[in-house]
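Shown next, in structure tokens, is the structure this report addresses.
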Amino acid sequence: MGDTLAAKILKTHLTRGRYAPGEAITIRIDQTLTQDSTGTMAYLQLEAMDPGNVRTECSVAYVDHNTLQTGFENADDHAFIKSVAARHGIIFQKPGGGICHQLHLEQYGAPGKTLLGSDSHTPTCGGLGMIAIGAGGLDVAVAMAQGRYDMTAPKVLGVELRGALSPWVSAKDVILKVLQELTVKGGVGKIVEYYGPGVASLSLTDRATIANMGAELGATTTVFPSDENTRLYLAQQGREGDYLPLSADEDAVYDEILRIDLSALVPLAAKPHSPDNVDTIRAIGPIKIDQSCIGSCTNSSYTDLMKAAGILKGRKVHPDVSLVISPGSAAILSLLAENGALRDLIDAGARVIECACGPCIGMGQSPKSGAVSLRTFNRNFKGRSGTNDAEVYIVSPETAAISAITGVLTDGSAAAAGLGVELPKIASPERFFPNESFRIFSAPIPPGAELPPVEMGPNIKPFPQGHALEDKVGAEVVLICGDNITTDDIMPSDSRLLPYRSNVPHLANYCFEKIDSQFAARAKAAQAGPLGGGAIVGGDNYGQGSSREHAALAPLYLGIRFVLAKSFARIHRANLINSGILPLVFDEPADVSKIKQGDALVIEHAKEQIDNEIIIVKDTGSGVSYKFVNSLNETEKKMIAFGGKINSIRHEA
């Protein structure tokens, strides 16, 4: 029985444990990436470990999220990250250079390597044949300091591709189809690996788009084979020396298989307010739109933007539509300027904004009240655009561009001929040239040399840390919420709050504000009350979405002791444990309806129970006891016992 590609890469990086699904393993990390929204906290945690030079082959600090500088806060964070990068041999990418995942694909990613990033869309580089995993900032800080990552070996879900895409159908439609089939929790505990004859028909950036949105499946990561298309892309980036052919064994056995005929796909869209709420554009119908946005780490490649420019060339954006273009990197923007495509976009009436995340995270370009916004992004959670009542649809660049012309959601495969619009054929340039003006290499500091100082502005506050597990852990239930709670729900992310990502005490006041504006006040009261803390009760897939550990750090600051749920999203579960918050899964899912807000819960003999397969939580008011599955491995048990990952590392030292 042969190995999958995922198994091959993981086995070559094993430093502890046995590779088998469900086993606790440690892998060597070759590369890391951070972005400024999560990076400031990650680097505060790195400084707490005082590691000297990073232990990875390549670590990069990107600034691409908080680039809207309306006050000193964001600029101070950028200065802090730059100063930490200089202390530890980390490459610093200045704001304006591009979006971290697009830049890492262009400049650093390499087949067969491992990459850990403090952003959930780090799997984008799986399009290159890497094992690229999104994680919380603390896990990335540990990877930089110690060169390792602890994880549970996932299953491997194989997606067999056959055929080739029809005109007006793109890679975005492939991943939307996968989401339609598997849902936002269909990838939990799995690596999604693409294989089959249809893979060869997909360009490297097509694969990156699909790998990027594997995060929306809840998957650990996504990986594609490394083949001639990979070699061609690396050659265009001037990095052909990084090419390594990689694929699964012919007799590889997958834990699950999904088969997709690319030639049978049609243009699709994810309807509000979830990436798996997918239907055909024809079925949705020609709804009037107010905004169309093309870009983000999912669809801001040279090919994506050239397609949009070709569709728009010689035409005008509908007078009722605002079209926003966010290029993925300065190199791509330079090429668009050089070949005239930028002029075509501007002449059509497009707004071309900075090479950054921008509207994808609600950092500007929020639509008007009640608007319909088409976005080539990866998430359409309610309010993520910055407008709570907006209706956001996820579509391909082709669909976004032709719809911007017509003013309604348009299926290009059906309407293009009647409109006289031809889908352009895009030829990639022989060579892309990275813009070195935005890149600062930090040389390793020699042993014994004085370290450069760290710049810390007044908005940067110490991160909260958990406390050692007590024998009796009590908590008042301060919130009960439903299924698929996102990290956006827990810790909102928009232009109003993003500047405070390095200030957890301030952020905590807005925790869960979209669901219950009184949550923070109630949690603080519980923290000061007789039980000394609070508990949250959730449903399935609690904590889906972004990797932001602020969705764990803010509850920690507010005194949350444990979270009870039917199931947890992978990254958020890890972030809770890293923070010293105990995540417990209902043994009987129906019990979730029996617990009420205000109930007083207690885990007695917690130090003993932490080693049990079932943990008993008692309602002190009614006397009823509930059973919870304890899924903690030995490493995670130590972290909970010591009050989080930092405390556990200090104890080991």
Out of all the residues in segment 83-104, which are within 15 Å of the chain's Cα centre (by Cα) and either hydroxyl-bearing (Ser, Thr, Tyr) or in a helix (DSSP H, G or I) (or both)?
Cys100, His101, Gln102, His104
Got at least one residue in segment 144-165 being at pLDDT 95 or above, surrounded by fewer than 22 Cβ atoms within 10 Å (Cβ to Cβ) and under 24 Å from Ser300 (Cα atoms)?
yes
Being at positive phi and of a type outside the set (Phe, Trp, Tyr): is that true of Gly457 here?
no
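Taking Val184 as the residue in question, decide whether it is β-branched (Val, Ile, Thr), assigned to a loop (DSSP other than H, G, I, E, B) and within 19 Å of the chain's Cα centre (by Cα). Even if it seems obvious, please write down each step before you answer.
Working: β-branched (Val, Ile, Thr): yes; assigned to a loop (DSSP other than H, G, I, E, B): yes; within 19 Å of the chain's Cα centre (by Cα): yes.
Criteria met by Val184.
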Given the criteria buried (at least 24 other Cβ atoms within 10 Å of the Cβ) and of a type outside the set (A, V, I, L, M), does Gly137 qualify?
yes
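In segment 227-346, which strands (runs of 3 or more DSSP E) lie fully inside it and hold 3 or more residues that are under 30 Å from Ala7 (Cα atoms) and not assigned by TED's automatic domain parsing to the domain that holds Pro359? Before you say what the answer is, go through the steps one by one.
Details: elements: 256-261, 268-270, 278-280, 291-295, 322-326.
The qualifying strands (runs of 3 or more DSSP E) are 256-261.
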Among the numbered criteria (1) acidic (Asp, Glu); (2) under 15 Å from Ile571 (Cα atoms); (3) not in a helix (DSSP H, G or I), which single criterion is violated by Asp139?
(3)
Quick one: in segment 1-41, which of the residues that are in a loop (DSSP other than H, G, I, E, B) and of a type in the set (Val, Ile, Thr) is nearest to Pro453 (Cα to Cα)?
Ile29
Looking at Pro446, Pro434, Pro452, Pro464 in this structure, which one is modelled with pLDDT of 90 or more and not assigned by TED's automatic domain parsing to the domain that holds Arg55?
Pro464
Quick one: how many residues across segment 74-88 are acidic (Asp, Glu) and buried (at least 21 other Cβ atoms within 10 Å of the Cβ)?
1
Inspect all residues belonging to segment 476-485 and state whether any of them is crowded, with 20+ Cβ neighbours inside 10 Å, of a type in the set (Gly, Ala, Ser) and not assigned by TED's automatic domain parsing to the domain that holds Thr387.
no
Restricted to segment 185-194, and to residues that are in contact (Cβ under 8 Å) with a residue 60 or more places away in the chain and touching a Gly at 6+ places or on another chain (Cβ under 6 Å), which residue is surrounded by the fewest Cβ atoms within 10 Å (Cβ to Cβ)?
Lys185
Kindly establish whether Leu44 is part of a strand (DSSP E or B), farther than 29 Å from Glu160 by Cα and aliphatic (A, V, I, L, M).
no
Looking only at residues in segment 347-372 that are within 27 Å of the chain's Cα centre (by Cα) and not in a loop (DSSP other than H, G, I, E, B), which one is farthest from Leu419 (Cα to Cα)?
Ile361
Number of the condition not met by Met41 [criteria: (1) at pLDDT below 95; (2) within 20 Å of the chain's Cα centre (by Cα); (3) surrounded by fewer than 24 Cβ atoms within 10 Å (Cβ to Cβ)]:
(3)
Six or more apart or on different chains, Cβ under 8 Å: which pairs go from a residue in segment 59-75 that's closer than 21 Å to Ala86 by Cα to one that's of a type in the set (Lys, Arg) and not in a helix (DSSP H, G or I)? Could you list them?
Val63/Lys94; Asn66/Arg501
Of the residues that make up segment 63-75, is at least one assigned to a strand (DSSP E or B), β-branched (Val, Ile, Thr) and in contact with a helix residue (DSSP H, G or I) (Cβ under 8 Å, 6 or more places away or on another chain)?
no
Of the residues Ala523, Ala535, which is part of a helix (DSSP H, G or I) and more than 20 Å from the chain's Cα centre (by Cα)?
Ala523
Inter-residue pairs, beta-carbon under 6 Å, first under 15 Å from Phe512 (Cβ atoms) and in segment 526-553, second crowded, with 22+ Cβ neighbours inside 10 Å and of a type in the set (Asp, Glu), 6+ apart:
Ala526/Glu476; Gly534/Glu476; Gly545/Asp488
Just one of the numbered conditions (1) surrounded by fewer than 24 Cβ atoms within 10 Å (Cβ to Cβ); (2) in contact with a strand residue (DSSP E or B) (Cβ under 9 Å, 6 or more places away or on another chain); (3) more than 18 Å from Val421 (Cα to Cα) is not true of Pro286; which one?
(3)
Filter segment 393-436 down to the residues that are on the phi > 0 side of the Ramachandran plot and either crowded, with 16+ Cβ neighbours inside 10 Å or touching a strand residue (DSSP E or B) at 6+ places or on another chain (Cβ under 9 Å) (or both) and list them by number.
Gly407
For segment 153-172, does any single residue satisfy the condition of being outside any strand (DSSP E or B) and closer than 21 Å to Cys100 by Cβ?
yes
(1) modelled with pLDDT of 95 or more; (2) of a type outside the set (Asp, Glu); (3) surrounded by fewer than 24 Cβ atoms within 10 Å (Cβ to Cβ): which one isn't true of Asn378, the others all being true?
(3)
Please verify whether Asp619 is touching a strand residue (DSSP E or B) at 6+ places or on another chain (Cβ under 8 Å) and either more than 30 Å from Leu498 (Cα to Cα) or modelled with pLDDT under 95 (or both), treating the condition exactly as stated.
yes
Mind checking whether some residue in segment 436-454 is free of Cβ contacts under 8 Å to residues at least 24 places away in the same chain, out of contact with any Phe, Trp or Tyr (no Cβ under 7 Å at 6 or more places or on another chain), within 30 Å of Arg207 (Cβ to Cβ) and among the aliphatic types (A, V, I, L, M)?
no
May I ask you to list the residues in segment 437-453 that are surrounded by fewer than 16 Cβ atoms within 10 Å (Cβ to Cβ) and part of a loop (DSSP other than H, G, I, E, B)?
Phe441, Ala443, Pro444, Pro446, Pro447, Gly448, Ala449, Glu450, Leu451, Pro452, Pro453
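The values are calculated or read from the model by the stated rules, or taken from the named source; none is laboratory data. Since the structure is predicted, the reported quantities are computational estimates derived from the model, not experimental observations. No Cβ is skipped: glycine too gets one built from the backbone with ideal geometry, and neighbour counts run over all protein chains shown.
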